[in-house]
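K.L.:
What follows is a single structure, and I will ask about it in a moment.
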Amino acid sequence: METQHQRRNPARPEVISLVYADENRTAVAPFVFIKTHKTASGTVTNILNRLSERRGLVPLPCCRADDCSGSEWWWPRSVPPARNSQLGAFDCINGHVVLDPERMRPYLTRGGRAPLFFSIVRDPLEQSISSLSYYSHDTIVRPSQRRQWTPHLNWLQGLRAVGPVSSRFINSMAHDLGWYDWVLARHNISHPQRGKISKSTRFNDDDGLIAEWLTSLTGSLDLIMLQDAFDESLVILHHRLGVTLQDMAYLRHTHLQNDTARGIHSSSRPVLPLPTSAQASKLLELNRVDVRLYAFAKRRFWQAWENVAPVAAREAELAELRRHVLRIDSACVELFTGFKGQPSLKRLSSTNRTAARLRQQREAALRAICTPEMRMDEIMYRLRESKACQGGDSFSSSQ
């Protein structure tokens, strides 16, 4: 039976929160989540950050002293080698970082349990459209390429190597899962500034090499979630991590999750037109590694879904998860749309105060379901406020 008590998380000494008992902390498998770009990975990160707070898990902090800062974490690199004081000291790695199991495992050897490595991918065409749409409002995209497919495709086609900007737009998911680093190692290419050098695109059409890399992922990633089977992915994940389905619940309306998303998708912003069929074909051609990766991930995923539980049991779990999601979603929608600009009790006449009190009771009940942690900005801010890094450096979580 799960009991709850106040426990101070050593990674966030200034935050005291209600978490599960210590025995349930050890029941959660240590994990590494590789946060890919524009794949619903932000929602997964939010789920895992809330899980970490509730269960008292200790995440690997992103410290400036370790050359890590901002919302992108160590990306486009992997984590640095673990120092002796960091060996087995953490429960999870959760953020934008390039997959490198050999560097990551030493941080997470608590109790001798092997960590669960997982990530999420999306249909490559949808991911490419989402990336340009999202980053068109960012200074990293040249003004001539914003919301225009022809100059964007011309730029991608002319790339001979990818860097921190271009790797968001060409084989982005493969990049985050270590494709370019694997190719460099496979061909014994010198790489003195690991992760900082530009990464050649000349192997992106080599089907044999891509197949070999995908085979290597079988031993590196335990689960590749699918954005287009998001709830099914979370059902599998709750089995792999050893947590409840309620731990996997999330806020489905992403426009309520954070202020950044609400600004980007505001109706006042110009909308990116969909690519023509010829432009879409060109996008898929340029993202050949991601296309192969997505097909590989789909095959593995649906095999995992078939094996997770008998049909009736997994369908029941899927329905239960969706009930939790609907409950949270309904509460948040009502809270954010139905209680804006309401007058305070002091401004109401006595005849209206009873109704106002009932409204306030309803709002309190909704806030108990739609907690601040459901919003990405809130949970990220709290994690960033941690003093876990040596020298009082701040924790910069991914967003």
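The values are calculated or read from the model by the stated rules, or taken from the named source; none is laboratory data. Just so it is clear, the structure is predicted and the values come from calculations on it, not from any experiment. Here the Cβ positions follow ideal geometry from the backbone for every residue, glycine too, while neighbour counts run over all protein chains shown. For the accessible areas, the whole protein counts, side chains as well, though only heavy atoms, and no ligand, DNA or RNA atoms are used. Shrake-Rupley method; radii C 1.70, N 1.55, O 1.52, S 1.80 Å.
K.L.:
Packing-wise, with mean Cβ within 10 Å as the measure, how do 92-103, 159-170 rank, highest first? Please report the intermediate quantities before stating the final value.
P.N.:
Values: 92-103: 21.9, 159-170: 17.8.
Order by mean packing, descending: 92-103, 159-170.
K.L.:
A follow-up question, please. How far, in nm, would the chain grow between Glu334 and Ala65 when pulled straight, counting 0.36 nm per residue and subtracting the alpha carbon separation? Walk me through the intermediate numbers first.
P.N.:
Details: separation 269, 0.36 × 269 = 96.84 nm, distance 4.30 nm.
In short, 92.5 nm is gained.
K.L.:
Taking the mean number of other Cβ atoms within 10 Å as a proxy for protection, how do you rank 312-323, 116-127 from highest to lowest? Intermediate values should be presented prior to the final figure.
P.N.:
Numbers: 312-323: 14.9, 116-127: 21.6.
Result, highest mean first: 116-127, 312-323.
K.L.:
Keeping all protein chains in place and using 1.4 angstrom, which order do Phe336, Phe301, Phe90 fall into by accessible surface area, from largest down?
P.N.:
Values: Phe336 50, Phe301 5, Phe90 25 Å².
Listed by decreasing accessible area, they come as Phe336, Phe90, Phe301.
K.L.:
Okay, moving on. Which order, highest average first, do 359-369, 47-57 follow once you tally other Cβ atoms within 10 Å for each residue and take the mean per peptide?
P.N.:
Numbers: 359-369: 13.4, 47-57: 22.0.
Highest-to-lowest ranking by the protection proxy: 47-57, 359-369.
K.L.:
So, one more: With charges only on Cβ, +1 for K and R and -1 for D and E, what is the dipole size of the stretch 286-329 about its Cα centre, in debye, rounded to 20?
P.N.:
240
K.L.:
Please name whichever of Ala278, Gln303, Ala331 sits farthest to the positive end of the charge dipole of the stretch 271-332, dipole taken about the Cα centre and charges placed at Cβ: Lys and Arg +1, Asp and Glu -1.
P.N.:
Ala278
K.L.:
Kindly state, to the nearest 0.05, the FRET efficiency for Val165 paired with Ala211, given R0 = 30 Å and r defined as their beta-carbon distance. Intermediate values should be presented prior to the final figure.
P.N.:
Numbers: r = 28 Å, r/R0 = 0.95.
So, using R0 = 30 Å, E works out to roughly 0.60.
K.L.:
What whole-number distance in Å separates the alpha-carbon centres of the stretch 51-82 and the stretch 149-166?
P.N.:
Centre-to-centre (Cα) distance: 29 Å.
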